[in-house]
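As structure tokens, the structure follows; a few thoughts come after it.
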Amino acid sequence: MRQGTGPTGDEAAGGGTAGPSRCPYTGGAAHSLDRSPALGAEPSWDRLRSRHGGLIPVEVTPGVPGWLLLGYKENLRVLRDQTHFSADPRPWGDDAAPVRGAALARDGDDHQRLRLPIVEALASVGTPHLVPVVERVAVRLIGRVGAKGAADLVGQYAAPLPALVLNELLGLPDSYGHLLADLTDRLRGDDARRAATAAPAVRAYFLGLVARKRAAPGRDVTSALLEHPHGLTDDEAVEALRLLWATGLEPTTHLIGNALRLLVEDRRVWTAYLGGTLTPEDLLDYVMWTDPPVRVLAGRYARTDLRFSGTRIRRGDPLLFAFGAAHSDPSVAGDSGTAMDQLAGNRAHLSWGAGAHRCPATSLTQELVRTALDTALDRMRDMVAVVGPAGPRRRASPGAHGLEELPVRFTPTGESEPVAAAEPDVRGASRRRKRRPAARGARYQAPFAEKPHEPDPLERLLETWTPRS
């Protein structure tokens, strides 16, 4: 990533605090997102703001300096302002160019051309379609643990559920959903070897999905995307679908997990939610403010040299969003003692984004999470968290903000996992096709002379996949 030469000392600080603490270009001055104690599991945003103001110098990746936005107004301005800040890294260096066709890393007309098919494909999934899908997946997952009276609400419920739901909305049988859930789990885990093998498999999943739906479209999100008048190429369609997966699955997992944690740990919230005085929408807004599923997110690039929040920013500097910091900014968070009253139902949080790049799946995700929460509370009665004095273990990540696990006990239902409907036998269907009539004048046609079924790329991927034991 090509950057400006960078200012030093007082030049960088402008009207703010002088010295290297304000400069991302002097060695040792910037906080590492991965290694800085100040940006650990639960950073002290107030302390960082009092020292650095609205933004802080960081190492985006080793050797690459940038800025982390701490203030609410700073985050909101960069989200909305396409004149001074760009989502497209390509002008700043070839090594930073995104994969071709990623709408999240485009601006202007190009961004709209790639975004609109995603928006309209997701809009084709109405509540009457989505809710039964989520309920079916949720009931099946709960059925695996329902008779035991104990479960890990993250690993056994919140983590696999979004992948299984997305897979069905994309138009594939459940077996591919379990594949996608497992690959997602491997990528977010600590095993580098497993993650390295999972990354190409995820791309193969989406390549195979697009190829299958090009050949045999259906009534699903993938087919709607491919049939959009903007005419996405296969590469663009693959990247659009990967975008839904990459930006949607893990945050949705943590939104479900963080909301369930709040419910099982705070009986006042539990009572208000079950009693109807706290609506699902208000609960999710409160979680987005106080326990957002995404804490730090790759953001924008400065289009030009400018002064921003008392600091001199150079053209090409990367700026990262810090939603956890923005949401605890005293200018919007108010008194923590009345947080529930102030923040439940407050839609001004930034977790859905803002401006041209606002999340296109907001309504779908809210409905998915609401259904997942209600199904869990209905079928796992009297849930109680089973954690030590330190509370549930958090993910060690500067970006994703959620739990590694949330063990609970509940009243066993005696219900077991419902038997899933048999998936279509593609090979059998191929063998059962009617034979074509013999050509005129032919005296003999050998029976069963059709070519054997050739697995498509998705079938080959599924055949070679080894589930995690």
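The values are calculated or read from the model by the stated rules, or taken from the named source; none is laboratory data. Everything quoted here is computed from the prediction, not taken from an experiment. Counting neighbours? That spans all protein chains shown, and the Cβs are built from the backbone with ideal geometry, glycine included. Keep in mind that these areas ignore ligands, DNA and RNA; they rest on the heavy atoms of the full protein, side chains included. Shrake-Rupley method; radii C 1.70, N 1.55, O 1.52, S 1.80 Å.
For region 261-275, the count of residues that are within 30 Å of residue 206 (Cβ to Cβ) and surrounded by fewer than 17 Cβ atoms within 10 Å (Cβ to Cβ) is zero.
A residue that is modelled with pLDDT of 90 or more, open to solvent by 30 Å² or more (accessible area, probe 1.4 Å) and of a type in the set (Asp, Glu) can be found somewhere in region 380-388. All conditions in (1) closer than 29 Å to residue 124 by Cβ; (2) in a loop (DSSP other than H, G, I, E, B) hold for residue 201, with the sole exception of (2).
Give me the residue from region 360-379 that is over 14 Å from the mean Cα position of the chain (by Cα), open to solvent by 10 Å² or more (accessible area, probe 1.4 Å) and not basic (Lys, Arg) and, out of that set, nearest to residue 131 (Cα to Cα). I'd like the intermediate steps shown before the answer.
The first filter runs over region 360-379 and keeps only residues over 14 Å from the mean Cα position of the chain (by Cα), leaving 363, 367, 370-379.
Still in the list and also open to solvent by 10 Å² or more (accessible area, probe 1.4 Å): 363, 367, 370, 374-375, 377-379.
Now restrict to residues that are not basic (Lys, Arg): 363, 367, 374-375, 377-378.
Values: 363: 12, 367: 7, 374: 11, 375: 11, 377: 16, 378: 15 Å.
Per the stated criteria, the residue is 367.
Every residue in region 186-196 that is in a helix (DSSP H, G or I) and surrounded by fewer than 14 Cβ atoms within 10 Å (Cβ to Cβ), please.
Residues of region 186-196 that are in a helix (DSSP H, G or I), as a first pass: 186-188, 192-196.
Scanning region 186-196 gives 192, 193, 196.
Among residues belonging to region 439-469 that are polar (S, T, N, Q) and under 24 Å from residue 211 (Cα atoms), point out the one that is modelled with the highest pLDDT. Write out each step before concluding.
Going residue by residue through region 439-469, those that are polar (S, T, N, Q) are 445, 464, 466, 469.
Going one step further and asking which of them are under 24 Å from residue 211 (Cα atoms), we end up with 464, 466.
Working: 464: 89, 466: 79.
Residue satisfying both the conditions and the ranking: 464.
Taking the conditions exactly as written (part of a loop (DSSP other than H, G, I, E, B), buried (at least 19 other Cβ atoms within 10 Å of the Cβ) and either of a type outside the set (Val, Ile, Thr) or at pLDDT below 95 (or both)), does residue 183 satisfy them or not? Spelling it out, it is not the case that residue 183 is part of a loop (DSSP other than H, G, I, E, B), buried (at least 19 other Cβ atoms within 10 Å of the Cβ) and either of a type outside the set (Val, Ile, Thr) or at pLDDT below 95 (or both).
Tell me yes or no: at least one residue of region 305-320 is open to solvent by 20 Å² or more (accessible area, probe 1.4 Å), under 25 Å from the mean Cα position of the chain (by Cα) and either within 18 Å of residue 68 (Cα to Cα) or in contact (Cβ under 8 Å) with a residue 60 or more places away in the chain (or both). Taking every residue of region 305-320 in turn, none turns out to be open to solvent by 20 Å² or more (accessible area, probe 1.4 Å), under 25 Å from the mean Cα position of the chain (by Cα) and either within 18 Å of residue 68 (Cα to Cα) or in contact (Cβ under 8 Å) with a residue 60 or more places away in the chain (or both).
Restricted to region 113-135, and to residues there that are open to solvent by less than 60 Å² (accessible area, probe 1.4 Å) and β-branched (Val, Ile, Thr), the residue that is nearest to residue 373 (Cα to Cα) is 134.
A residue that is at pLDDT below 95 and hydroxyl-bearing (Ser, Thr, Tyr) occurs nowhere in region 251-258.
Scanning region 224-254 for residues being over 16 Å from residue 119 (Cβ atoms), touching a Gly at 6+ places or on another chain (Cβ under 8 Å) and open to solvent by less than 30 Å² (accessible area, probe 1.4 Å) gives a total of 3.
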